[in-house]
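Shown next, in structure tokens, is the structure this report addresses.
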Amino acid sequence: MDHTDCIGAVDQGTQSTRVFIFDKDCNPIASHQVDLPQIYPQAGAWKAAQEAVAAAGRPPLRMLALGITNQRETTVVWSRTTGRPLHNAIVWLDNRTSDLCEQLCAAHGGRDAFRAVTGLPVSPYFSATKYLWLYDNVPEVRAAVDGGDACVGTVDSWLIWQLTGGAEGGVHVTDVTNASRTLLMDLDSLDWHDPTLEAFRCPRAALPRIASNAEVYGHITPTAATDMPYGHVWQQAAAAADGGGAVNGGGAHPLAALAGVPIAGSLGDQMAAVLGQRCRPGEAKNTYGTGCFMLLNTGQRRIASTHGLLTTVAFKLGPAKPTNYALEGSVAVAGLGISWLRDNLGLIGSAAESEELAASVRDTGGVYFVPAFSGLLAPRWRADARGVLLGMTSFTTRAHVVRAMLEAICFQTREVLDAMRHDAQLDEHHGGLGALRVDGGAAANDLLMQLQADLLQVPVLRPAFRETTSLGAALAAGLAVGFWSREEVFAGHGAGRVDAFAPAVGGGAAARRYGRWRKAVERALDLADLAPEEGEEGLDG
């Protein structure tokens, strides 16, 4: 019987799980998305996988490997013997460990106490602080850790462990990109750092083995679905799968479709996008979602930032392959700013309207927006900053304000890119930066992308297929099993159409506009004390 060889990818995000199936030319031949409660991400993975298979139709698919990409830093602790979580996962954006972080800073010498080894500051974002909170506050977690029954991991570890058998012999493994976001890994040795483990009271035996991003970690077992919470979703999806193209010959048991398939790729979502965008050393990508995540592939150079960026792992495509490192900078407000204009101010009726309205005026009319709603992240890291809207006159319209918000996203991105240029010496003597590769929901806005190219003074490249995180996970898995060669991956084999936005203004004009925005940023600093204190009465109180 004819069949189509393919690679699957599970993208386990904060609000949903998506599954894509790719053919040899990197075309997505089927996909499915399931919205799900965060405490049971694996249920959505199973359902999404089956529905994606059902959507593929015939001829049958022969899935050669599965790759996983996931929300980074989200932390899970579960029992080795039962396979059940000992507490709800703590999601990456959860700030409950803020006070704990202050205690750690005081005890170990400041926010950068572990940065020389791990590349990261002490922050609620990273997994180690979430683990320590669980250990200190959840008796079941403490008992399991002290008794040797605990598995500690990020979402990639949890999924792989469950897919490969769970309590009946699951593989406890993580990859170098997810491990690099825990605040526990030595960036040089790519192993857990014992003095740091001691500081966070995390025994090495509870942690997963750290592996590369492209190797076979284990194989999907037929019993995994029924052993997992909500495993019945397989039963619900089985009938649909029977009517479509079965995988690997199908079978009566709902999981038979994927039984025996190797799990061979794993990356954190932003690093998966670096690979999905085929970023070589010296190339950068920016993901425009709720915020912005920009990563610059620095190759085998591990660069310690002096300009407010994070040092992390980009990818390692095989156990014996070299490690590519990255500099990362995060912007808190991107798509969130557009949603704020819609939901809080009512200036637009939809996110799509922002492009049309902003394009109705030739410029912002001298209006500048600094959307520091909860402070500024990279490269300034100013928690005392607050949002400001400056330069308004009697001629200012809502179109000017909306355009100023779009420009603010671009200005913030330029600040991060300038920091990367300084840290990595990306200037005219070192080849500069040839282009910025972009993805994410807000990247669909053509005006935003043109403004970005103008203000960065480099071309902005947007792929037609913008689900680059899923593609990156599939590429890693495909490399591990020989479905693609490294040359095919980095030649952009089957990458499809790319929309290119070239700078349409001169460097002088861009520099003047950027300078004015930086002046506006200075007005946004040291404003946290303007907020009313709890219980404070108004003027008529």
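A short reminder: the numbers here are calculations on the coordinates, not readings from a lab. Nothing here was measured: the structure is a model prediction, and the numbers come from that model. Note that each Cβ is placed from the backbone with ideal geometry, even for glycine, and that neighbours are counted across all protein chains shown.
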Query raised in the report: So, with +1 on the Cβ of K and R and -1 on the Cβ of D and E, and no other charges, what is the size of the charge dipole of region 361-499 about its Cα centre, to the nearest 20 debye?
Result: 400 debye
**Report entry** Under-5 Å amide H pairs with residue 90, H placed in peptide plane, nonlocal only
**Finding:** 75
**Report entry** Nitroxide proxy distance, nm - points 7 Å out along Cα→Cβ at residue 105 and residue 516
**Finding:** 3.6 nm
Query raised in the report: Between residue 464 and residue 24, what is the FRET efficiency for a Förster distance of 25 Å, r being their Cβ-Cβ separation, to the nearest 0.05?
Result: 0.85
Query raised in the report: Taking R0 as 45 Å, what's the FRET efficiency between residue 62 and residue 149 from their Cβ-Cβ distance, rounded to 0.05?
Result: 0.70
Query raised in the report: Which whole-Hz couplings ³J(HN,Hα) result when phi for each residue of region 138-154 is put into the Karplus expression 6.51 cos²θ - 1.76 cosθ + 1.60, θ = phi - 60°, listed in order with x for Gly and Pro?
Result: 10, x, 5, 5, 4, 5, 5, 5, 5, x, x, 9, 8, 10, 10, x, 8
Requested in this report: List every residue whose amide H lies under 5 Å from the amide H of residue 211, counting only residues 5 or more places away in sequence or on a different chain, with H placed 1.01 Å from N in the peptide plane.
Outcome: 174, 175, 176
Report summary line: The simple spin-label model distance between residue 392 and residue 352, using points 7 Å out along Cα→Cβ, in nm, is 2.9 nm
Query raised in the report: Taking 0.36 nm per intervening residue step and subtracting the Cα-Cα distance, what contour gain separates residue 359 from residue 280 on full extension?
Result: 25.1 nm
**Report entry** Inter-site label distance for residue 502 and residue 189 at 7 Å from Cα along Cβ, in nm
**Finding:** 5.1 nm
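Roughly speaking, what is the stretch gain from residue 523 to residue 340, that is 0.36 nm per residue apart minus the C-alpha to C-alpha distance, in nm to one decimal?
Details: separation 183, 0.36 × 183 = 65.88 nm, distance 2.09 nm.
Here the segment from residue 523 to residue 340 would lengthen by 63.8 nm.
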Report task. Calculate, in nm to one decimal, what residue 209 and residue 93 gain on full extension: separation in residues at 0.36 nm each, minus their alpha carbon distance. Result -> 39.3 nm
